[in-house]
1. Working only with C-alpha atoms, what are the Rg and Dmax values of region 157-221, expressed in angstrom?
2. Using only the alpha carbon atoms of the chain, find the Kirkwood hydrodynamic radius as the inverse mean reciprocal pair distance, in angstroms to one decimal.
3. Can you give me the Cα centroid spacing of region 5-27 and region 64-83 in angstrom?
4. Please report how far the C-alpha centroid of region 126-140 lies from that of region 167-221, rounded to the nearest whole angstrom.
5. Over 24 Å between Cα atoms, which of LYS107/LYS149; LYS5/LYS160; LYS83/LYS107; LYS160/LYS186; LYS2/LYS209 qualify?
6. Relative contact order for region 5-220: what is it in percent, counting Cα pairs under 8 Å that are at least 6 residues apart?
7. Please compute the contact order of region 23-126 in relative form: average sequence separation of alpha-carbon pairs under 8 Å and at least six residues apart, divided by the residue count, as a percent.
8. To the nearest 20 debye, what is the magnitude of the charge dipole of the chain about its Cα centre, counting +1 on the Cβ of each Lys and Arg and -1 on the Cβ of each Asp and Glu?
Amino acid sequence: MKDFKIAPSILSADLARLGDDVAKVIESGADWVHFDVMDNHYVPNLTFGPMVCKALRDYGITAPIDVHLMVKPVDALIPQFAKAGADYITFHPEASEHLDRSLQLIKDNGCKAGLVLNPGTSLECLEYVMDRLDVILLMSVNPGFGGQKFIDTTLDKARKVRQLIDASGRDIRLEIDGGVNVANIKEIAEAGVDTFVAGSAIFNSGDYKGSIDQMRQQLSQ
Ligand code: DX5
Ligand code: ZN
């Protein structure tokens, strides 16, 4: 079977008991922690920053932390998140004046780098930076909130990005974020996605292990 990763978005976790809740979701079989950083500027919502990422590490969370920056500007937060224990750092191309420089900054700080494409963002920005990328994250909702409906046109986009990745011959993960659930994860995987962010479908299910197991079962069919 392919090396699929499931990355619960802590946006939907119990924020008053974050450490416990993240530990629980990892024990329930999740692979990564998806860490949504919102600034009330690039997106109309406000979440958490590097201090909370460090707090999770200090609490004993050892799973890869996948930091999704929905902030503008991005560069100042890159070294801070690297120091706070991030493994992956991704950002939106619209939010950086200097795409290549921001990607290089992530690499220089020892993290894996990626770009996040909104539903309406074209694939053009990938063309000259493929060699810098470890992950391409496709938004299947407009960023800012959990619990939105999956936008179906993302499937076609995922197929196109899968072709670009395969043609590049590079080891780049194809990740999807927004509205992923047990009912649609198989179809999304068939479009070439290997890394799945799911917030509400896991944290609001009341049974983390049950929902993650069901997702994996869909992926193994
Ligand atoms: C939206 C965030 C997502 C979101 C996913 O801006 O980037 O990670 O929390 O939540 P669900 O899975 O509920 O759509
Ligand atoms: Zn996200």
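FYI, it's all coordinate maths here, none of it is from the lab. It should be emphasised that the depicted structure is a prediction, and the values quoted were computed from it without experimental measurement. FYI the Cβ positions are ideal-geometry reconstructions off the backbone, even for glycines, and counts take in every protein chain you see.
1. Radius of gyration, then largest Cα-Cα span, for region 157-221: 12.8, 41 Å.
2. Kirkwood hydrodynamic radius for the chain: 17.2 Å.
3. Value for the Cα centre distance between the two parts: 19 Å.
4. 19 Å
5. The answer is LYS107/LYS149.
6. Relative contact order for region 5-220 comes out at 20 percent.
7. Rounded, it is 23 percent for region 23-126.
8. In total the dipole reaches around 140 debye.
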